[in-house]
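Asker: This structure is in structure tokens; I'll ask about it shortly.
The values are calculated or read from the model by the stated rules, or taken from the named source; none is laboratory data. Owing to the predicted nature of the structure, the values given are computational and were not obtained by experimental measurement. Cβ sites come from the backbone with ideal geometry, for glycine too, and all protein chains shown count toward neighbours.
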Amino acid sequence: MIKAIAIVIIGMFVCLFAFQQLDPNIPANNDNIQEVVDDQNSLSITIEGEVVMPGIYKLANDDILNDLIVAAGGLLESADQDAINLSLSLEGRDYFYIPSKTAYANNCEITAEVEKVNINSANADQLATLSYVSDTLATRIVEYREENGPYMCIEDLMNVKGIGQATYERIRDYVTLK
């Protein structure tokens, strides 16, 4: 009985090894080395919002936001081009959102052209007029800009203490860089 169990276990390991060698989804050892080299010279970046094909794209470390937008099929007509910096380097970033020119109601009807607040020139009082931005948070946005220079992309707002993913998603369509 013990011999039969041992033979079955050894047989299972042999079969697993054989299937691993035959499975095209499992890379060979040489592929792993190439993949590590490729990962050092490229970035995986997610782009969402007003682009033709939102998704995750693999680009070179020295590419810029314009290259990512081209890979995503370009901007839609509804994209707010004043809210993006096309020459922004992708290095060190993994997510971009391209906002819309218009605000949408819950039923997806166009309600009005949005008066956007420029996060690179607005004072704390102007920023506090945005929904979900308190006086304290508006002050932090201005202080961050004064300490670190102008915002290069809207996603940089998430570097401000008190702005997480949820708050960012609520205000991103109401701010601009220009």
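Asker: Considering only residues of segment 66-94 that are among the small types (Gly, Ala, Ser) and within 22 Å of residue 118 (Cα to Cα), which is surrounded by the most Cβ atoms within 10 Å (Cβ to Cβ)?
Answerer: Among residues in segment 66-94 that are among the small types (Gly, Ala, Ser) and within 22 Å of residue 118 (Cα to Cα), the one surrounded by the most Cβ atoms within 10 Å (Cβ to Cβ) is 83.
Asker: State which residue is nearest to residue 45 (Cα to Cα) when the search covers only segment 96-125 and only residues that are modelled with pLDDT of 85 or more and exposed (fewer than 13 other Cβ atoms within 10 Å of the Cβ).
Answerer: So the residue we want is 121.
Asker: Does segment 144-168 hold any residues that are out of contact with any strand residue (DSSP E or B) (no Cβ under 8 Å at 6 or more places or on another chain) and part of a helix (DSSP H, G or I), and which are they?
Answerer: Correct list: 144, 145, 146, 147, 148, 156, 158, 159, 165, 166, 167, 168.
Asker: Would you point out which residue out of 39, 23, 63 is at pLDDT 85 or above and either surrounded by 17 or more Cβ atoms within 10 Å (Cβ to Cβ) or charged (D, E, K, R) (or both)?
Answerer: Of 39, 23, 63, the one residue that is at pLDDT 85 or above and either surrounded by 17 or more Cβ atoms within 10 Å (Cβ to Cβ) or charged (D, E, K, R) (or both) is 63.
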